[in-house]
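The values are calculated or read from the model by the stated rules, or taken from the named source; none is laboratory data. In this text the structure is predicted, and so the values were computed from the model without any measurement. Every residue, glycine as well, gets a Cβ built from its backbone with ideal geometry; the counts of neighbours run over all protein chains shown.
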Amino acid sequence: MSVQRLTSITRRSGTTFWRHCQNKSHALPLWGRAFSLQDYFAVHLERLIFAGADNMHKLTILFLIISLLALGFANATLAQEKWTCPEGFEGQTLRFFNWSTYVAENTIPDFEDACGVQVEYFEYGSNEEMLAVIRSNSAQYDITVPSGNTVGIMIEEGLAQPLKKELIPNMVNIAETFADPPYDPGNDYSVPYQWGTIAIGYDQNIVDEEITSWEQVWDYDGPVAWLNDPRAMMGLALMLIGHDPNSTDPDEIDEARQFLEDRSDNVDVIADDNGQDLLNRGDVDITIEYSGDIFQLIYECECDDFMYVIPEEGANVWTDNMVVPYNAPNPDLAMVFIDYILDPQVGADLSNFTAYGTPNQASLDAGLIDEELLSNPGIYPSEDVMDKLFFANKVPAEAEETYLEAWSKLIAAMSE
């Protein structure tokens, strides 16, 4: 069997998805949205004024309505007050090294306008790819967005520089759940960006049964894509076997490799963060992929073709984090960009676009996250489901190497 490994990724335009979300929101009647007192008075303005009251009462009611509306508009303006860039960064360039489809349409241009800077955006398809670039010093970037266990590796190897927290006052907006993570106690080197799961996306027009278990993926008679993420995939196998998903035992890791190899007959592609595109094109029927990538596809297509499911056995949950590499050309501008992302409105725009979970408590408290996303159990899983999820934690360097060697051995066997 020949397995294709895709490493060239073209970032899919999010324009259609963005407009779809906007149009969908605008098309809802008032009873389909959050209904405020100001909405009520606006809708019933004419009836309230001209329902038989005398002139004095009409003027009193009108004054009350205008006052309430003005108060509402003032509160809305205050809640959505734009982030302000500190002075002194005009003309600088921020080099942003990030995953594909992982910024909102307005994230970069709004920052450029606010600070008078230019942002150069570069993409990678895996933590391993990003690490190799940073280690080799073949290119220099101001911001990168590794997953939690990779943050720990970067700190240990001296590849990340400490944050200048005085330039990041919005760090107070980080939700308690994501503050002080085990891979970076005190958030001295990293700030959470987005979080989500790695589970199953599939085309329900082709797959003739509802998927609820990983066994259905292994047994499926049709083309399947796996995600090129050694720790997530090997951790999944370890969990399903009954071992610690973060095991450091070489024998257990090899057992996980064999478990996956024995279930790889239907795998056509090991995909670098683009399984959603393969699914959309019909190249595969099922993909193991990041939650937000599948939900972007679901919302973009305006159809009922695709599903995302966290199987009953559990899956991987992760947090991606903003890190400033040791050799960043403009580290202070990077710190300011981190503060910008932690702004309540900016953070909400980001999560509403990417369809990932937000680690920004201020965005949640202000009610800025789309209700459609908040109520989606694939994006914000229930407590019962969360109890079945595992993080790929940082392990000692020798164990990390064992995982990579096992993954390489697996890919080689699948390619024969």
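Points worth noting:
- Of all residues in region 322-330, none satisfies being hydroxyl-bearing (Ser, Thr, Tyr), part of a loop (DSSP other than H, G, I, E, B) and free of Cβ contacts under 8 Å to residues at least 12 places away in the same chain.
- Against the conditions (1) in the same structural domain as Gly292 (by TED's automatic domain parsing); (2) surrounded by 18 or more Cβ atoms within 10 Å (Cβ to Cβ); (3) in a helix (DSSP H, G or I), Glu398 satisfies every one except (2).
- Count of region 234-251 residues which are among the acidic types (Asp, Glu) and under 19 Å from Gly314 (Cα atoms): 1
- Selection of region 146-168 for residues being among the charged types (D, E, K, R) and either closer than 25 Å to Asp293 by Cα or in a helix (DSSP H, G or I) (or both) yields Glu156, Lys165, Glu166.
- Residues that are in contact with a Pro (Cβ under 7 Å, 6 or more places away or on another chain) and surrounded by fewer than 20 Cβ atoms within 10 Å (Cβ to Cβ) within region 209-242 comprise Thr212, Ser213, listed in sequence order.
- Of everything in region 329-366 that is farther than 20 Å from Gly196 by Cα and among the small types (Gly, Ala, Ser), the residue that is surrounded by the most Cβ atoms within 10 Å (Cβ to Cβ) is Ala334.
Okay, residues lined up against (1) crowded, with 19+ Cβ neighbours inside 10 Å; (2) of a type in the set (Gly, Ala, Ser); (3) assigned to a helix (DSSP H, G or I):
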{"residue": "Asp113", "(1), (2), (3)": "no, no, yes"}
{"residue": "Met130", "(1), (2), (3)": "yes, no, yes"}
{"residue": "Asn170", "(1), (2), (3)": "yes, no, yes"}
{"residue": "Pro182", "(1), (2), (3)": "no, no, no"}
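- If the condition is being surrounded by 14 or more Cβ atoms within 10 Å (Cβ to Cβ) and without any contact (Cβ under 8 Å) to a residue 24 or more places away in the chain, then region 374-393 contributes Leu374, Tyr380.
- Conditions (1) modelled with pLDDT of 95 or more; (2) within 23 Å of Asp365 (Cα to Cα); (3) buried (at least 20 other Cβ atoms within 10 Å of the Cβ); number of the one not met by Phe178: (1)
- Cβ-Cβ under 7 Å pairs, at least 6 apart or on other chains, region 178-204 side on the phi > 0 side of the Ramachandran plot, far side of a type in the set (D, E, K, R): Gly186/Asp180; Asn187/Asp180
- Checked against the criteria, Ile108 does not count as touching a Ser or Thr at 6+ places or on another chain (Cβ under 9 Å), part of a helix (DSSP H, G or I) and surrounded by 17 or more Cβ atoms within 10 Å (Cβ to Cβ).
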